[in-house]
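Down below is the structure, laid out as structure tokens.
Read-outs throughout are calculated quantities, based only on the coordinates presented, and are distinct from any laboratory measurement. Worth saying up front: this structure is predicted, and the values here are computed from it rather than measured. Cβ placement follows ideal geometry from the backbone for every residue including glycine, while neighbour counts extend to all protein chains displayed.
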Amino acid sequence: MDVKILDLLQNDAELSVGEIASRVGLSSTPCWRRIQRLKDEKVITRQVALLDPHKVQVGVTVFVSVRTSTHTQEWFERFRATVQAIPEVMEFYRMSGDVDYLLRVVVPDIAAYDKVYKRLTDGTQLHDVSSSFAMEELKLTTALPLGYV
């Protein structure tokens, strides 16, 4: 039952409790209690509005691969603070393999990305920064697969 509720909420968080209850075969009060429990247990961490990046002038996506030759905690804290201070960075991951860090950046154009690049490289010492511009978005979802629950 919880998986059905989560699936519905991932696709439309604006559904009313009554609508969710109807779709999963519960009455409203037990459905509301389940949703509250999922929030209390931090399964549902937040509800947000998803914006069209083109309509807010950030339709260019750039994937930035970063390699460093320094791996101290002090360096990492400075790098993390630098990245977190750049609002155009939407995602930031520490990686295994040849790349140390991967960022997903959204900007309106190449000139705006150049400013992000300069902020990134001015903030910390990096060994290599490689940028790849997404040519076409083929799949984008915020819904997690629930088949493992």
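A few remarks follow.
- Considering the range 1-20, and only residues there that are in a helix (DSSP H, G or I), within 23 Å of the chain's Cα centre (by Cα) and among the hydrophobic types (A, V, I, L, M, F, W, C), the residue that is surrounded by the most Cβ atoms within 10 Å (Cβ to Cβ) turns out to be I5.
- Every listed requirement among (1) loosely packed, with under 14 Cβ neighbours inside 10 Å; (2) within 30 Å of L8 (Cβ to Cβ) is met by D122 save one, (2).
- The set of residues from the range 83-121 being in contact with an Asp or Glu (Cβ under 8 Å, 6 or more places away or on another chain) and more than 23 Å from E136 (Cβ to Cβ) comprises just one member, R94.
- Among all residues of the range 45-58, there is none that is within 30 Å of L6 (Cα to Cα), touching a residue at least 40 places away in the same chain (Cβ under 8 Å), assigned to a strand (DSSP E or B) and among the aliphatic types (A, V, I, L, M).
- Restricting attention to the range 74-109, the residues that are surrounded by 15 or more Cβ atoms within 10 Å (Cβ to Cβ), without any contact (Cβ under 8 Å) to a residue 40 or more places away in the chain and among the aromatic types (F, W, Y) add up to 3.
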